[in-house]
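Visitor: Sharing a structure below in structure tokens format, with a few things to ask.
The values are calculated or read from the model by the stated rules, or taken from the named source; none is laboratory data. Not measured: the values here are computed from a predicted model. Just so you know, the surface numbers come from the protein's heavy atoms only, side chains and all, with ligands and any DNA or RNA stripped out. Shrake-Rupley method; radii C 1.70, N 1.55, O 1.52, S 1.80 Å.
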Amino acid sequence: MKPILLLLFMVTCVSFLRAQHSLPDERQKKDISHLIDQYSRARENRDTVLLKNILTADVDQLVSTGEWRDGVAASVKGMQNSSAGRPGTRTLTVDKIKMLDPTTAIVDCRYEIQNPNGTARKMWSTFVVVSRKGTWRIAAIRNMLPAPQGG
């Protein structure tokens with residue numbers, strides 16, 4: 001009976017220790033940041049081939065207007081329409097990466113669109129990214145406009 005209790009205790013301890021590693025290692029940080037850069041570049045250049053390569057087939061996206069885009073085709077089409085309808089330079093800056101496990105992460109980014117008239121639209125984007133066979137892809141995107149400050 002004692003060996004079973006000892007084994008159960010060890011398994012429990014290992015699972016608790018594994019859950020403590022929410023920060024990415026250097027390789028994960030580099031690869032995930034590169035993925036976000038690719039997404040930003042694909043949006044800026046309206047590169048549908050690159051977008052389709054970095055999004056999962058079942059990607060979903062909730063944009064700041066409240067529109068849901070389900071699947072890679074709807075997401076790519078919506079991104080293209082959004083870029084055409086809101087011209088400007090898009091910048092995504094990774095703010096925080098939280099690893100849920102070694103192959104899944106939540107990535108919080110500052111998202112800014114520099115409009116042609118000189119104004120800036122400042123938002124937040126959150127990405128859920130997954131690694132399959134060593135390749136990181138975007139599984140979900142959430143864009144948020146900060147609430148107005150004040151009374």
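Visitor: On a straight-distance basis, which aspartates and glutamates could pair with LYS122 in a cross-link, Cα separation under 13 angstrom, same-chain partners fewer than 8 positions away excluded?
Guide: Counting by Cα, and skipping residues close in sequence, LYS122 has these aspartates and glutamates nearby: GLU112.
Visitor: Something else: Could you check how much of the accessible area of the range 71-149 is carbon and sulfur, as a whole percent, using a 1.4 Å probe?
Guide: The value for the range 71-149 is 54 percent carbon and sulfur by accessible area.
Visitor: Just to confirm, what accessible area per residue do you get for the range 38-148 at 1.4 Å probe, in whole Å²?
Guide: Working: 5910 Å² over 111 residues.
I get 53 Å² per residue for the range 38-148.
Visitor: Additional query: Amide H of SER64 versus every other amide H placed in the peptide plane: which residues, excluding those fewer than 5 positions away on the same chain, fall under 5 Å?
Guide: Correct list: ASN143.
Visitor: Also, quick follow-up: Report LYS98's accessible area, 1.4 Å probe, all protein chains in place, as a number in Å² to the nearest 10.
Guide: Surface open to solvent at LYS98 totals about 100 Å².
Visitor: Taking the alpha-carbon distance from LYS52 and a cut-off under 14 Å, which aspartates and glutamates remain once sequence neighbours fewer than 8 residues away in the same chain are dropped?
Guide: Once the sequence-local aspartates and glutamates are set aside, what remains near LYS52 is ASP60, ASP70.
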